Amino acid sequence: MTRGELYRVFKPGGDPKQYRIFVVVSRQVLIDSKFSTVICAPVFTNGEGLSTQVAVDLEEGWKLSSWIMCDNLVSLRKTELTNFVSSLSPAKLLELNRALKMALGL
């Protein structure tokens, strides 16, 4: 597992959808550690183009235009992240970094 990978998670806690896609945003040292959880950002099909949202669309291989929501960070168990979807491109990872900085006020 690496930072910027997207996984499809079955019934994430409290989510009304059966599945939700999440992007791993934790630093690689934490991902590689024995710690049982990582920080992730959910992906939604609706977004408003805010500075804390990153668009992913057909150019990245998505069927529907979607948004990574950096204001909705969650901690997920690594064992839940088994259904790999794809990885963000280096350019999208830079966009994600900027959106996370905005969301966290850094």
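Every condition in (1) surrounded by 12 or more Cβ atoms within 10 Å (Cβ to Cβ); (2) free of Cβ contacts under 8 Å to residues at least 12 places away in the same chain; (3) closer than 22 Å to M1 by Cα holds for D57 except the one numbered (3).
In the set S65, S75, S89, which member is modelled with pLDDT under 90 and within 15 Å of the chain's Cα centre (by Cα)?
Values: S75 fails: modelled with pLDDT under 90; S89 fails: modelled with pLDDT under 90.
Unique residue meeting the criteria: S65.
Only one of the numbered conditions (1) under 20 Å from L30 (Cβ atoms); (2) of a type in the set (S, T, Y); (3) surrounded by 12 or more Cβ atoms within 10 Å (Cβ to Cβ) is violated by T82, and that is (3).
Filter the stretch 15-35 for residues that are of a type outside the set (K, R) and assigned to a strand (DSSP E or B) and give the result. Before you say what the answer is, go through the steps one by one.
Filtering the stretch 15-35 for residues of a type outside the set (K, R) gives 15-16, 18-19, 21-26, 28-33, 35.
Y19, I21, F22, V23, V24 - these are the residues of the stretch 15-35 that are of a type outside the set (K, R) and assigned to a strand (DSSP E or B).
The values are calculated or read from the model by the stated rules, or taken from the named source; none is laboratory data. This structure is a prediction, so every number in the text was calculated from the model and none was measured. No Cβ is skipped: glycine too gets one built from the backbone with ideal geometry, and neighbour counts run over all protein chains shown.
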